[in-house]
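Read through the structure below, which is laid out as structure tokens, and then see the notes.
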Amino acid sequence: TTSAPEPDCLFCSIVEGKIPAEIVARSENVVAFADINPQAPVHVLVVPTEHHGEVAQLAAARPEVLAELVALAEQVAGEQADGQFRLVFNSGPQAGQSVFHVHGHVLGGTSLGGRFA
Ligand code: 5GP
Ligand code: ZN
């Protein structure tokens, strides 16, 4: 975990505007953008502007930013998904994490069912 931009980090590059993304909302320390490969009618990623690898590291280092991230997820869901959403953090490759800059998946816009996978 670090607060400096990581040169080879995809989501640091999106936060910095070096790689384009469909930004849908921002707050002081969090950016929300559309997932490039959506798995639900609403699939938005919420990421801290600071680089942290995994959600537990963010929670330990910057708990107020994690709270801000959840608030922005709810705002986006309010705008796009009737305020109802699933918020998923994959932590570690075995859990499906492929980008090692914390991101919450905000999923909604349909009945998601009762499964987690
Ligand atoms: P993970 O597998 O790490 O939990 O989630 C990474 C997510 O990032 C995936 O849902 C994937 O579709 C998304 N993604 C990967 N590359 C890009 C990109 O260049 N732009 C955007 N907007 N999303 C991306
Ligand atoms: Zn990063």
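The values are calculated or read from the model by the stated rules, or taken from the named source; none is laboratory data. Bear in mind the structure is a predicted one, so any value in this text is a computation, not a measurement. Positions of Cβ are generated from backbone atoms using ideal geometry, with glycine treated the same way; all protein chains shown enter the neighbour counts.
Given the criterion away from ligand 2 (no atom under 16 Å from the Cβ) and among the polar types (S, T, N, Q), identify the matching residue among Asn37, Asn90. Steps first, answer last, please.
On the way: Asn90 fails: away from ligand 2 (no atom under 16 Å from the Cβ).
The match here is Asn37.
Inspection of region 62-79 finds no residue satisfying the criterion of being surrounded by 15 or more Cβ atoms within 10 Å (Cβ to Cβ) and in a strand (DSSP E or B).
Could you tell me whether any residue of region 86-101 is away from ligand 1 (no atom under 11 Å from the Cβ), in a loop (DSSP other than H, G, I, E, B), aromatic (Phe, Trp, Tyr) and touching a residue at least 40 places away in the same chain (Cβ under 8 Å)? No, the conditions are met nowhere in region 86-101.
For region 27-38, the candidate set comprises residues that are in a strand (DSSP E or B) and within 8 Å of ligand 1 (Cβ to nearest atom); within that set, the residue that is nearest to Leu72 (Cα to Cα) is Phe33.
If only one of Gly83, Gly92 is within 19 Å of Ala59 (Cα to Cα), surrounded by fewer than 18 Cβ atoms within 10 Å (Cβ to Cβ) and among the small types (Gly, Ala, Ser), which one is it? Give the derivation first.
Details: Gly83 fails: within 19 Å of Ala59 (Cα to Cα).
Criteria check complete, one pass: Gly92.
How many residues are acidic (Asp, Glu) and without any contact (Cβ under 8 Å) to a residue 40 or more places away in the chain if we restrict to region 33-73? Give the derivation first.
Taking region 33-73 as the starting set, the residues that turn out to be acidic (Asp, Glu) are 35, 50, 54, 64, 68.
Add one more test, that the residue is without any contact (Cβ under 8 Å) to a residue 40 or more places away in the chain, and what stays is 64.
Selection size over region 33-73: 1.
Among the residues of region 6-26, write down those that are in a loop (DSSP other than H, G, I, E, B), in contact with a helix residue (DSSP H, G or I) (Cβ under 7 Å, 6 or more places away or on another chain) and surrounded by 16 or more Cβ atoms within 10 Å (Cβ to Cβ).
Once the filter is applied, which keeps residues that are in a loop (DSSP other than H, G, I, E, B), in contact with a helix residue (DSSP H, G or I) (Cβ under 7 Å, 6 or more places away or on another chain) and surrounded by 16 or more Cβ atoms within 10 Å (Cβ to Cβ), region 6-26 yields only Ala21.
Look at Gly83 and say whether it is part of a helix (DSSP H, G or I) and either within 12 Å of the chain's Cα centre (by Cα) or under 17 Å from Ala32 (Cβ atoms) (or both). Steps first, please.
Numbers: part of a helix (DSSP H, G or I): no; either within 12 Å of the chain's Cα centre (by Cα) or under 17 Å from Ala32 (Cβ atoms) (or both): yes.
So Gly83 does not fit the description; no.
Residues in region 11-26 that are under 30 Å from Gly113 (Cβ atoms) and away from ligand 1 (no atom under 11 Å from the Cβ): Ala25 only.
Here is a list: Val15, Val24. Which entry is at pLDDT 95 or above, within 16 Å of Phe85 (Cβ to Cβ) and in contact with a strand residue (DSSP E or B) (Cβ under 6 Å, 6 or more places away or on another chain)? Walk me through how you get there before you give the answer.
Numbers: Val15 fails: within 16 Å of Phe85 (Cβ to Cβ).
Step by step, each of Val15, Val24 is checked, and only Val24 is at pLDDT 95 or above, within 16 Å of Phe85 (Cβ to Cβ) and in contact with a strand residue (DSSP E or B) (Cβ under 6 Å, 6 or more places away or on another chain).
Is it the case that Gly53 is within 13 Å of ligand 1 (Cβ to nearest atom) and out of contact with any Ser or Thr (no Cβ under 7 Å at 6 or more places or on another chain)? Judged against the criteria, Gly53 is not a match.
Give region 39-49 a look and list any residue that's more than 12 Å from the chain's Cα centre (by Cα) and either aromatic (Phe, Trp, Tyr) or more than 8 Å from ligand 1 (Cβ to nearest atom) (or both), or say none. Spell out how you get there, then give the answer.
Filtering region 39-49 down to residues more than 12 Å from the chain's Cα centre (by Cα) leaves 39-42.
Matches in region 39-49: Ala40, Pro41, Val42.
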